[in-house]
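Student: First the structure, which I've put down as structure tokens, then a few questions once you've had a look.
The values are calculated or read from the model by the stated rules, or taken from the named source; none is laboratory data. Being a predicted model, the structure only gives us computed values, none of them experimental. Cβ: placed from backbone, ideal geometry, glycine included. Neighbour counts: every protein chain shown. Ligands, DNA and RNA are stripped out before the accessible areas are found, and what is left, the full protein with its side chains, is counted by its heavy atoms. Shrake-Rupley method; radii C 1.70, N 1.55, O 1.52, S 1.80 Å.
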Amino acid sequence: MESRLNYFGNPLAAKVLKHINSAGKAVSDSTLPTVVQELVKIRASQINGCGFCTDMHTKDAALAGETPQRLHLVAVWREATVFTEAERAALELTEQGTRLADAAGGVTDTVWANAAKHFDEDQLIALISLIAVINAYNRINVINQQPAGDYQPGQFG
């Protein structure tokens, strides 16, 4: 598979990515736990069929100490016993926030209330923002057919 164009080498794309990356940096610097951030990025990327981001974030999570078992079970987190209640709340919010077109009314009050039990206001803002940012990255990569498999942790700085 080859990408449709060299998105990462284009000057206009660099300007766009600069702003998306800045938003991502604000989230990564927040108090939202890093493990939750990686799980959210992996799950949204799986839902969106973004191989590039799934490759990137599973490798980054593994480098940060995430276990292979948990990485293998993200796609079926509802049936897995290895995730905390807070992680499960974040994954459910991620799914509903990513599948907006599939859910009449968007994110349900029940899912929001569950997330609010586990995260403070700043963390909820970070979580919402992260879901939006990873979905933007996913869409860029899926539309461009960005190949997956060659990502090396840290290659983007």
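Student: Run the accessible area of the chain with a 1.4 Å probe and give the carbon-and-sulfur part as a rounded percent.
Tutor: Exposed carbon and sulfur together represent 57 percent of the surface.
Student: Among Ser3, Ala61, Ser22, whose Cα projects farthest towards the positive end of the dipole of the chain, with charges put on the beta-carbon of Lys, Arg (+1) and Asp, Glu (-1)?
Tutor: Result: Ser3, furthest along the dipole toward the positive end.
Student: Please list 3J(HN,Hα) in residue order for the range 148-154, calculated via the Karplus relation 6.51 cos²θ - 1.76 cosθ + 1.60 where θ = phi - 60°; whole Hz, with x for glycine and proline.
Tutor: 10, x, 9, 4, 10, x, x
Student: Assign unit charges at the C-beta atoms only (+1 for Lys and Arg, -1 for Asp and Glu), then state the dipole size of the range 23-157 relative to its Cα centre in Debye, rounded to the nearest 20.
Tutor: Magnitude of the dipole: close to 260 debye.
Student: Keeping every protein chain in place, order Thr94, Thr84 by accessible area at 1.4 Å, biggest value first, i.e. largest first.
Tutor: Sorted descending by solvent-accessible area, the residues read Thr84, Thr94.
Student: Further, regarding this structure: Tell me the per residue accessible area of the range 88-157 using a 1.4 Å probe; a whole number in Å² is fine.
Tutor: So the range 88-157 comes to 53 Å² accessible per residue, rounded to a whole number.
Student: Most fluctuating residue of Lys15, Lys41, Lys59 in a GNM of the chain with Cα springs under 10 Å: which is it?
Tutor: Its mean-square fluctuation being the largest, the pick is Lys15.
Student: Could you size up the charge dipole of the range 14-60 around its Cα centre, putting +1 on the beta carbon of Lys and Arg and -1 on that of Asp and Glu, and report it in debye to the nearest 20?
Tutor: Dipole magnitude for the range 14-60 comes out near 180 debye.
Student: Over the chain, what is the mean sequence separation of C-alpha contacts under 8 Å (at least six apart), divided by residue count, expressed as relative contact order in percent?
Tutor: 40
Student: Compute, for Phe52, the solvent-accessible surface of its heavy atoms (probe 1.4 Å) with the complete set of protein chains present, and express it in square angstrom to the nearest 10.
Tutor: 20
Student: Which residue fluctuates the most in the chain, going by a Gaussian network model with Cα springs under 10 Å, if the choices are Glu79, Glu95, Glu87?
Tutor: Result for the chain, Cα springs under 10 Å: Glu79 fluctuates most.
Student: Per-residue HN-Hα couplings for the range 86-92, Karplus 6.51 cos²θ - 1.76 cosθ + 1.60 at θ = phi - 60°, whole Hz, x for Gly and Pro?
Tutor: For the range 86-92, the Karplus-derived couplings read 5, 5, 5, 5, 5, 5, 5 Hz, x marking Gly and Pro.
Student: Rank these residues by their accessible area, most exposed first, probe 1.4 Å: Arg4, Arg70.
Tutor: My answer, sorted largest first, is Arg4, Arg70.
Student: For the chain, set up a GNM with springs between Cα atoms under 10 Å and report which of Gln37, Gln96, Gln69 has the largest fluctuation.
Tutor: Gln69
Student: Of the listed values [x] 43, 32, 30; [y] 45, 39, 33; [z] 66, 36, 26, identify the label whose number matches Cα extents along the principal axes in Å calculated from this model.
Tutor: Comparing each candidate, only [x] matches the computed number.
Student: Students sometimes get this wrong: rank Tyr137, Tyr151 by accessible area, probe 1.4 Å, all chains present, largest first.
Tutor: Tyr137, Tyr151
Student: How much solvent-accessible surface does Asp29 expose, in Å² to the nearest 10, with a 1.4 Å probe and all protein chains in place?
Tutor: The value for Asp29 is about 100 Å².
Student: Is there a quick way to get the dipole size of the range 94-157? I mean about its Cα centre, with the Cβ of Lys and Arg at +1 and of Asp and Glu at -1; what is the value in debye to the nearest 20?
Tutor: Around 180 debye, computed over the range 94-157.
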